[in-house]
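Visitor: Got a structure for you, written out below as structure tokens; questions coming shortly.
What follows draws every value from the coordinates through simple rules; no lab data is involved. No experiment lies behind these values; they were computed from the predicted model shown.
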């Protein structure tokens, strides 16, 4: 016997960058495909563990994957209530 679970969330337009770089992001491309990024972080050379060298790589990801909409993965996954 299966149980349906409903989740309500809002998609963000890809023109708006995710504010929390270290959160997984679910996205939809302009051709209707979906994907997940573990984060949207990149770094400027040197040691990738140094947070001060990190920056958002959203603009590059948006263009490369032709992203139309995104949401944080945690908002898409149902609560275990």
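Visitor: For residue 34 and residue 64, calculate 0.36 nm times their separation in residues minus their Cα-Cα distance, and state this gained length in nm to one decimal.
Guide: 9.4 nm
Visitor: Between the range 60-81 and the range 1-42, how far is it from one alpha carbon centroid to the other, in angstrom?
Guide: 1
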